[in-house]
Amino acid sequence: MNFTQNLQTSLSKNVWTKTILLFLFFFAFAKGNAQILEPVKWTSKIEKKGNNAILIFDGTIEKDWHMYSQFTPDGGPLALEITFKNQKGNYELVGKAKEGKTRTAFNDVFGVDETFFEGKAHIEQEIKIINPNLKTVDVDFDFQVCKEVCINSSKKFSIAVPSTFKMSEVPVVTEVKADETKVVGLAVDTVKTEEAVQPKVEKTAETAKEEIPAPAPARSLWSIFFIAFLSGFAALLTPCVFPMIPMTVSFFTKQSKSRAKGIRNAIIYGFSIIAIYVVLGLIVTKIFGADALNALSTDVWFNLIFFVILIIFATSFLGAFEIMLPNSWANKADQQADKGGLIGILFMALALAIVSFSCTGPIVGTLLVEAASNGGIAPIVGMLGFSLALALPFMLFAMFPGWLNSLPKSGGWLNTVKVVLGFLELALAFKFLSNADLVLQLHFLEREVFIAIWIAIFGALTLYLFGKITLPHDSPTNHISVGRLYLGLLTLVFTMYLIPGLWGAPLKLISAFPPPPQYSESPFGVGGSGNGAVSAGSIKGLPEGAELGPHGIMVFHDYKDGLAYAKEINKPIMLDFTGYACVNCRKMENNVWSEPAILPILKNDVVLVSLYVDDKRELPKEEQFVTAAGDKIETIGDKWTDFMISKYKTNTQPLYVITDLEGNNMNASKPTISYVSADEYLKWLKEGIANFK
């Protein structure tokens, strides 16, 4: 009896033990897989539109996440890429894919405005089917969706084309579930999301087309308006416009039968100026289209052409020549103005725009270039801000003619304003040249060269303001004004601020203008001392596959190369799963790796292997493979993502792992670590290295 009871007790314990172990195994497995995230759920459909078809893609985005638009500029997070796989011989694209409601926020790490979807992503592409036997339209999406972290994902659609898809029939809508979503990687994001504004999208292609606006970021439009407004005041203070204020106001006040009529005419005159420039912005937007303007911002020829245009504008402002419209235009406008009435006032405003073109033209041209880079209705908003600043003084001085006595007299200071604008145009021109160089990856205008050019430009401006340099249209003077002295001091301080940038200083005040730090002649700045890094020549005979990374740390970008070197010198490996578009990866490198207690460890005690999960370079055909889940591994980034997910059951970036030479984790309590404080990172680092020894 005792034996039986003992046996039953033993069996009972074994059952409970196995049950608990099974539960723990299931829990651990579930926990590991719970980190593979899919924040966007997609559906697709096809609709008729006349003789064409509309492909419609709808994504439902989880709360607090956002997905980047195809219009997010280069140099920031990964923009949406749409690839039509079976287009050749089957169908033609009609225009560019249109997007639903988007929002924009500035990313101070990358220095760009990020455009993204919240709540829902709606994308439409019109196509013209040229193969009557077409069965499916195959489309691939590559996108990045972010919260506190960012997931690089791909989505494959195979949209069935109904056999009854004939142009005479009533529109047929076919719902198609997407084939698969492949999570490609995860990075950390710093955009603070706000409550998503959901777009209202109708079910028909026609209404959807009307309701889908081009991405027009509200914050950027306000900034464009403000900059344009300030530019309008700058144009007001040029020799071509400023003297016109008292002349024009006197005309309205003296020629009008009553003061009230004079004020009314001056107000009409001001609104005519606004109308002329706003129509100009409208024409630019209409000719190019909202999407085209945005796409041009990263086009090489667009940037090169406007580099040349801005150089010409700057040269004109500096006094080499005048850019003028034909005199016949001004004469015709004057003739129409003499007729009087509302039409006459409108032509008076047109005459002002033509006569002052030599001063306002370069400013207007620059504003349109910048607005074109932003896309949407930005050219209209820019012209509204510019013309409002230009028109206000004419209206206000007409209302209060006594104020004319307080206006400073025309003189040499007007030309000084014009020359200062010329220097600013010259500096801005190199931003466009830099954009072209970045796109082509020519490395002609790297960060150090760009900063050196700006130092030269603003240094020359400082000397000009202090009277050490004179230009063709300058009036002789024995002294400089107090205002000019203050402006000279300001440009001197700015020039001195730029100089440390040659040695690797981040220059946060102008972060959006020069090329990024990694696009440098030397990753360590001039002299090899930037960012606390060692000299590039201090590590001689780098092993095969190694290069100098952040802060002079030797880094491998291939696991096999890093492993071979680690075995050779018998040191642990630190795997760094990272991404080119990973914000917090850069923050960890800049703020944590640079700590005095951490940097020597990364340089001397581990072999660093940085694996970029968003590397789009294609693997050699013999290295491409298909995973057990059916995912095609075609790029280097896919390879490291598969390695990260299959080995560590997560897709989080940045992800750090310390392993021995057999790939075993060295940190028992916390095998991997992500975006943490310097103290926690240091403790984890020391523990892993100690366990290896």
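The values are calculated or read from the model by the stated rules, or taken from the named source; none is laboratory data. All values derive from a computational prediction rather than experimental measurement. Here the Cβ is made from the backbone with ideal geometry for all residues, glycine too, and neighbour counts use every protein chain on show. All accessible areas refer to the heavy atoms of the entire protein, side chains included, with ligands and DNA or RNA removed. Shrake-Rupley method; radii C 1.70, N 1.55, O 1.52, S 1.80 Å.
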- line: Long-range amide H partners of K120, meaning residues 5 or more apart or on another chain whose placed amide H is closer than 5 Å, are I61
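Classify segment 441-507 from the C-alpha gyration tensor, please: rounded if a/c falls under 1.5, else prolate or oblate depending on whether a/b exceeds b/c. Can you show the working numbers first?
Details: a/c = 4.56, a/b = 2.02, b/c = 2.26.
Oblate is the answer for segment 441-507, as a/c is 1.5 or above yet b/c matches or exceeds a/b.
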- prompt: Considering only DSSP states other than H, G, I, E and B, which trypsin sites (Lys or Arg not before Pro) in segment 594-689 qualify as loop sites with at most 11 other Cβ atoms within 10 Å?
  reply: R617
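Translational diffusion coefficient, Stokes-Einstein: compute it for segment 600-651 using the Kirkwood radius over C-alpha pairs as Rh, at 37 °C and 0.692 mPa s, and state it as an integer in µm² s⁻¹. Write out the running numbers ahead of the final one.
Working: Rh = 12.3 Å.
Answer, rounded: 267 µm²/s.
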- prompt: From the backbone phi of segment 599-607, what are the Karplus-calculated ³J(HN,Hα) couplings (6.51 cos²θ - 1.76 cosθ + 1.60, θ = phi - 60°) in whole Hz, Gly and Pro given as x?
  reply: 4, x, 5, 5, 7, 10, 10, 9, 9
statement: Two pseudo-spin positions, 7 Å from Cα along C-beta at T477 and at K135, lie apart in nanometres by 7.9 nm
query: When Lys and Arg each count +1 and Asp and Glu each count -1, what net charge do the other residues less than 12 Å away from K670, Cβ to Cβ, add up to?
result: -1
- prompt: Using a 1.4 Å probe, how large is the accessible area of R264, given in Å² and rounded to the nearest 10?
  reply: 120 Å²
